[in-house]
Amino acid sequence: MDETSPPRALDLAAFRALATANGLRIGEAELAELHAAHGVLAALLARLDAPGIREHEPWPASAAEAWERGR
Amino acid sequence: MAGERGRGLGARPVSERFPPTIAQASREIRAGRLSPVALVELCLARIARHDGHLRAFLLVAADEARAAARQAEAEIARGEWRGPLHGIPMAIKDAIDTAGLRTTFGSRVFADRVPAQDAEVVARLRRAGAVILGKLECHEFCLGGPALDAFAPPARNPWNPEVYAGGSSSGAGVAVAAGLCLGAIGTDTGGSVRIPAALNAIAAHKPTYGLASNHGIHPLSQSLDHPGPMAWTTEDCALILAAIMGPDPKDPATLGVAPRGDVASPGAEVKGLRIGVVRNFSDGPDLGTPEVNANLEEVATTLGRMGARISEVVLPDLWDYTVANTTIMSSEAFLNNAPWLRASPEKVSAFTRGRMFLGSFVRAEDYLRAQRLRRRLAAATREAMRDVDAIVCAGMLAPPAPVASMQKFYYLRRPLITAPFNLLGMPALSTCTGFDAQGLPMAAQVAAPPLDDALVLRIGQAWESATPWRDRRPVLPA
């Protein structure tokens with residue numbers, strides 16, 4: 001993770017606040033289950049911190065490719 | 001029952017007979033030895049007999065199908081044969097619009113939705129003369145299965161009704177395997193035609209991204225979504241793909257170029273082809289079972305005996321593809337379904353709701369990093385495949401679990417062996433490669449660079465011609 005990025009994993013209170021901000025209507029039991037799943041996902045997303053990914057070309061690489069795809 | 005002893009179908013009660021393949025039926029129909037009306041009656045009789053147990057169909061359009069079959073029969077009798085799908089009974093995943101036929105996306109949110117127009121792939125099937133039998137069960141919004149609290153319960157695996165039938169095109173996999181229809185159209189965002197194909201012992205082809213139109217199909221993740229054919233044989237998948245592919249002005253992601261080779265008649269010969277075996281997707285800690293890896297070795301050995309030049313190709317870590325695919329899919333899936341997830345979450349099954357909600361927590365920077373990882377993986381995959389024409393890998397990493405034991409977030413615990421080919425838009429076929437010790441199907445995937453769909457289909461067709469697995473059908477309860 002970049003030094004400037006906040007951590008992906010959130011404590012339950014922060015997760016609840018974000019769920020509310022995202023407009024999700026969700027009970028406490030379901031929220032706790034979702035929070036646990038988010039912890040698993042956050043750990044998986046550490047793969048996105050591999051060196052060089054941030055500097056890599058996006059998908060698709062160029063306006064020309066995007067234009068060709070859209071023909 | 002009408003058509004109980006239909007012309008060209010023999011003397012046994014038709015509900016006890018598996019239908020012919022599309023290619024076989026088409027030859028017979030064209031020659032006047034098989035009636036499209038009798039063929040539709042065969043499928044309707046089988047649906048009546050077996051689908052109460054299998055639950056593959058959400059809607060059976062019997063009257064419309066009979067009318068279309070009569071029309072096909074009359075046209076063919078007049079010499080107006082439209083092609084290999086003319087008079088062939090097919091069915092459509094319920095994520096795909098069918099004019100005048102209820103299309104629910106597998107959700108009670110859309111329980112009463114009847115589209116006015118066909119999806120482009122359905123319109124093309126109808127123009128090719130196919131007879132639409134009805135709509136097939138799909139996991140809610142193509143993501144939420146197997147959910148026991150869904151609008152429609154999951155279709156049952158005809159090889160063992162207690163185990164997962166795959167998804168999200170589950171009804172399609174079951175209906176084809178059980179001989180309720182001759183072919184189907186499914187959709188595939190992370191493996192949703194190939195997984196049910198693998199678990200039901202049928203063939204399914206995820207085409208090159210953009211080869212077939214997504215217009216009129218409920219979007220899960222636009223840059224990963226692919227409609228694709230599902231049928232008993234690869235030969236039949238090729239015939240279906242040839243009918244549905246091509247540019248569509250209503251879907252700007254469709255390609256303006258034709259695939260290489262002859263998709264409709266790709267051939268069935270692997271002699272001289274360079275095929276790379278991808279062992280590192282399945283052979284490693286927490287990846288494929290020993291039986292899966294042994295099966296892959298058998299596939300490689302057999303293809304080698306058939307004349308292919310076999311080598312090993314080492315691709316990037318399967319988790320890298322899976323994480324990129326899951327990140328992009330989760331985020332786009334939430335965006336596509338946010339209105340009803342926010343307004344009526346109680347109408348959505350718990351599995352779907354949880355998985356969709358999870359996508360709302362994906363950060364923008366992670367979504368963008370996933371797209372960049374996607375680019376890197378494309379370059380690495382292309383480089384690794386530099387000396388081969390196609391690759392083969394396992395179809396699934398493990399046998400299907402009992403449906404009752406499956407967890408909402410199981411997909412976060414194991415990488416997804418079908419996902420790389422969605423992520424990179426590569427054509428990928430799943431075909432049956434045998435049966436495990438429990439009698440459940442096993443499968444391999446064949447993949448190739450974008451636009452080499454005919455090559456993938458050629459390898460699958462060669463495999464099926466040289467192996468006995470297309471002769472084995474599930475034993476269905478009466």
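Rule-based calculations on the coordinates, nothing more; no lab input. Fair warning: this is a prediction, and the values are worked out from it, not measured in the lab. Neighbour counts run over all protein chains shown; Cβ positions are idealised from the backbone, glycine included.
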**Asked** If each residue's Cβ is checked for other Cβ atoms within 10 Å, how do B:Cys393, B:Cys138 rank with the fewest at the top?
**Response** B:Cys393, B:Cys138
**Request:** Determine which aspartates and glutamates satisfy two conditions relative to B:Lys271: a Cα distance under 20 Å, and not lying fewer than 8 residues away in the same chain.
**Result:** B:Glu235, B:Asp262, B:Glu297, B:Glu298, B:Glu312, B:Asp387, B:Asp389, B:Asp452, B:Asp453, B:Glu464
**Label zone at B:Arg127 (point 7 Å along Cα-to-Cβ), backbone N below 18 Å, the range B:222-261** = B:227-229, B:239-259
**Item:** Ellipsoid equivalent to the protein assembly as shown - semi-axes via the Cα gyration tensor, in Å
**Value:** 36, 27, 22
**Prompt:** Cα to Cα, under 18 Å, and not fewer than 8 places away if on the same chain: which lysines meet these conditions relative to B:Lys206?
**Reply:** B:Lys93
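Counting other beta carbons within 10 Å of each residue's own, what order do B:Arg70, B:Arg33 fall into, fewest first? Provide the component values of the computation, followed by the final result.
Values: B:Arg70 16, B:Arg33 10.
Taking fewest neighbouring Cβ atoms as first place, the list is B:Arg33, B:Arg70.
Report, to two decimal places, the Cα Rg of the range B:64-216 normalised by 2.2 N^0.38 Å (N = number of residues).
On the way: Rg = 15.4 Å, N = 153, 2.2 N^0.38 = 14.9 Å.
Compactness ratio reported: 1.03.
On alpha carbon coordinates alone, what is the Rg over Rh value for the range B:203-329, Rh being the Kirkwood radius? Walk me through the numbers on the way to the answer.
Working: Rg = 17.3 Å, Rh = 17.2 Å.
That ratio is 1.01, to two decimals.
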**Complete:** Counting only DSSP beta bridges with both partners in the protein assembly as shown, the antiparallel fraction in percent, to the nearest 5, comes to 65 percent
**Complete:** Footprinting proxy, B:Tyr411, B:Tyr164: sorted fewest to most Cβ within 10 Å, the residues are B:Tyr411, B:Tyr164
**Separation between Cα centres of the range B:76-152 and the range B:210-267, rounded to whole Å** = 15 Å
**Prompt:** For chain B, what D do you get in µm² per second when you plug the Kirkwood radius from alpha-carbon pairs into Stokes-Einstein at 4 °C and 1.567 mPa s?
**Reply:** 59 µm²/s
**Asked** What is the mean number of Cβ atoms from other protein chains located within 10 Å of the Cβ atom of each residue in peptide B:315-328, rounded to a whole number?
**Response** 2
**Request:** Give, in whole angstrom and from largest to smallest, the semi-axes √(5λ) of the equivalent ellipsoid of the range B:11-105, with λ running over the eigenvalues of the Cα gyration tensor.
**Result:** 23, 18, 11
